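The values are calculated or read from the model by the stated rules, or taken from the named source; none is laboratory data. Quantities reported herein were computed from a predicted structural model and do not represent experimental measurements. Cβ placement follows ideal geometry from the backbone for every residue including glycine, while neighbour counts extend to all protein chains displayed.
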Amino acid sequence: RQYKSLFSYISVCFSESKVKFLKEAGFEFEVSKERKSETMKQLSKSWEEFFAELEQYKLKFGEVNQITQKKRQRLREWCEEQRVQAARRKWGKYSQITDDQIERLSQLGFKWDTVDSPSKGWDDYYGELLIHFLNTRSWSIP
């Protein structure tokens, strides 16, 4: 599926002569199963490296949800991406995070929802919005 969309994108953006030039230069439009497997191993390894860094962070600072040091910006961004990927998985969308990875992060004390609202969660606010819409037939909040 990704190959087809990539090829469609390329055929729209590039002329036939440019596509031919890329093929002759050795550009691979289709990824072999072996190469795909190797790429997945590299992604997984990268995930493992960040997870190990997060474990070290917890040992040093005692928690994993308030990464504030500038030198740890990549780790903080990785944590945010894990939250995005988990949310995508929860909603049935394509996601790169596995159930095992979610479990491992959870065991480390990783918070999936970083909004500090002990009384109300996203679902509560969404419910209120739906009730408002049913009463007013408007999504506009006064």
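Residues in segment 89-98: is at least one among the hydroxyl-bearing types (S, T, Y) and loosely packed, with under 12 Cβ neighbours inside 10 Å? Please lay out each step first, then the result.
Of all residues in segment 89-98, those among the hydroxyl-bearing types (S, T, Y) come to 94-95, 98.
Okay, now just the ones that are also loosely packed, with under 12 Cβ neighbours inside 10 Å, so 94.
Looking for residues that are among the hydroxyl-bearing types (S, T, Y) and loosely packed, with under 12 Cβ neighbours inside 10 Å, one finds at least one in segment 89-98, hence yes.
In segment 46-88, how many are hydrophobic (A, V, I, L, M, F, W, C), over 16 Å from the mean Cα position of the chain (by Cα) and surrounded by 12 or more Cβ atoms within 10 Å (Cβ to Cβ)? Spell out how you get there, then give the answer.
Here is the first cut: in segment 46-88, the residues hydrophobic (A, V, I, L, M, F, W, C) are 47, 50-52, 54, 59, 61, 64, 67, 75, 78-79, 84, 86-87.
Filter again for over 16 Å from the mean Cα position of the chain (by Cα), leaving 52, 54, 59, 61, 64, 67.
With surrounded by 12 or more Cβ atoms within 10 Å (Cβ to Cβ) added as a condition, the list becomes 54, 61, 64, 67.
Matching residues across segment 46-88 total 4.
The single condition among (1) of a type in the set (A, V, I, L, M); (2) at pLDDT 95 or above; (3) not in a helix (DSSP H, G or I) that A52 does not satisfy is (3).
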